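Input: a single structure, listed below in structure tokens.
The values are calculated or read from the model by the stated rules, or taken from the named source; none is laboratory data. Note that this is a predicted model, so its numbers are computed, not measured. Here Cβ is always computed from backbone atoms with ideal geometry, including for glycine, and neighbour counts include all displayed protein chains. Quick note on the areas: whole protein, heavy atoms, side chains included, nothing else; ligands and nucleic acids left out. Shrake-Rupley method; radii C 1.70, N 1.55, O 1.52, S 1.80 Å.
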Amino acid sequence: MKQLSLKGQTALITGASSGIGKACAEQFAEIGVNLIITARRFDRLNELAQTLTKQHGVRVTPYQLDVRDNGVVEAVFKQIEQAELDIDIVVNNAGLALSSDKLQDGKTENWDTMIDTNLKGLLYVTKAALPFLLKKNKGHVINIGSVAGLGYYTAGNVYCATKHAVNAISHTLRMDLAGKAIRVSEIDPGAVETEFSEVRWSDKERAKKMYEGFHPLVGADIADAVIYCATRPEHVNVSQMVVYPQAQSALTDINRTGDQPKSIFDVTKNRKDFLCLDGF
Ligand SMILES: NC(=O)c1ccc[n+]([C@@H]2O[C@H](COP(=O)([O-])OP(=O)(O)OC[C@H]3O[C@@H](n4cnc5c(N)ncnc54)[C@H](OP(=O)(O)O)[C@@H]3O)[C@@H](O)[C@H]2O)c1
């Protein structure tokens, strides 16, 4: 199997202070990729930078970055340029869901935060990063979407909408970059146990329950998918990868019984055991 060596390249990751983004930083560092890690919680980034540099000898540069603020995004990319850091791979990972309200009960400030982070933030970062890739006509943009961007669930309204938008951006960016040697991939995870549900509900107990009774994905499973996409030979573009935990058979169906369904009939019979009533 031909695998592209990324040693010495630089990956910029948004939302690297936790979960999937942090796991991506760890796995890129393991294969010798230098890192620019960003998020709002700088103390976490600093600690991660020190650990990864010590463990793997890679250069890790942390930047505090709130992707919702385009002025800050532009300023950080200016600093990256002034520091003469390069960017080969961009992982647009920063994102969140807030609450699980039906639209009629939704809080507009939650909608704004999700749209500003998951959609506008991804656009701002991509626009600011692309000149680094275009300059050398080489690179890879990897967007973390969601299975919520490929389907629908009750009360998923705005979170689903932002992830559907990420899916549209991934497809159209690939088209906009036609003729350039830049790859665009999207990874769409199912249920991953991270801080995601805690952030969503501000309720540790409820978040813990979300992952009970089945074996969820962890951040490292999605990082593994990111590394797979990035290490394909340069003429190969994995355009989209959907990754579910084995126990999740569809966006809204998680088997929490501990046994895997033997037939579709069993799934129907035990429907209440499979429904992911709170969504994710
Ligand atoms: N967990 C799942 O089941 C799941 C499933 C499908 C897709 N996803 C997607 O995976 C991505 C990562 O989520 P996760 O599961 O790893 O959750 P997580 O553990 O809560 O991590 C989210 C990351 O996003 C960052 N972030 C949030 N708002 C930000 C902002 N305004 N500016 C910059 N960074 C921001 C957070 O950092 P700071 O708070 O330090 O800024 C954190 O590092 C998200 O896009 C999410 O939608 C998750």
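In a DSSP loop and with at most 11 other Cβ atoms within 10 Å, the GluC sites (Glu not before Pro) in segment 35-133 are 84.
Please report Rg over Rh for segment 95-143, where both radii come from the alpha carbon positions and Rh follows the Kirkwood definition. Walk me through the intermediate numbers first.
On the way: Rg = 15.3 Å, Rh = 12.7 Å.
Answer for segment 95-143: 1.21.
Which pairs in the list 54/78; 120/208; 102/163 are over 23 Å apart, alpha-carbon to alpha-carbon? Show your work: numbers first, answer last.
On the way: 54/78 27 Å; 120/208 30 Å; 102/163 17 Å.
Those over the limit are 54/78; 120/208.
For the chain, the antiparallel share of DSSP beta bridges with both residues in that region comes to about 10%. Among the protein heavy atoms, those of residue 28 account for about 0 Å² of accessible surface (1.4 Å probe, every chain in place).
At 0.692 mPa s and 37 °C, plugging the Kirkwood radius over alpha-carbon pairs of segment 35-112 into Stokes-Einstein gives what diffusion coefficient in µm²/s? Spell out each step's value before the answer.
Numbers: Rh = 14.7 Å.
Translational D for this selection: 223 µm²/s.
Which value, in debye to the nearest 20, describes the size of the charge dipole of the chain about its Cα centre when Lys and Arg Cβ atoms bear +1, Asp and Glu Cβ atoms bear -1, and nothing else is charged?
On the way: 32 positive and 33 negative charges, 103 e Å.
Using only the charged Cβ atoms, the result is roughly 500 debye.
Over the C-alpha trace of segment 65-156, radius of gyration and Dmax come out as 15.7, 49 angstrom.
Hand me the chymotrypsin sites (Phe, Trp or Tyr not before Pro) from segment 77-167 located in a DSSP loop with no more than 16 other Cβ atoms within 10 Å, in residue order please. Answer in residue order: 152.
The P(r) of the chain has a tail past 22 Å containing 57 percent of all C-alpha pairs.
Once the 1.4 Å probe is applied to the protein heavy atoms, segment 10-252 comes out at 44 Å² accessible per residue. Accessible surface of segment 10-252, 1.4 Å probe: 50 percent of it comes from carbon and sulfur atoms. Distance between the C-alpha centres of segment 28-92 and segment 201-251: 22 Å, rounded to the whole angstrom.
Counting only helical runs of four or more DSSP H residues, what would the 222 nm mean residue ellipticity of the chain come to if each run contributes -39,500 (n - 2.57) and the total is spread over all its residues?
Details: 11 runs with 117 residues, N = 280.
Counting only the DSSP helices, I get -12500 deg cm²/dmol.
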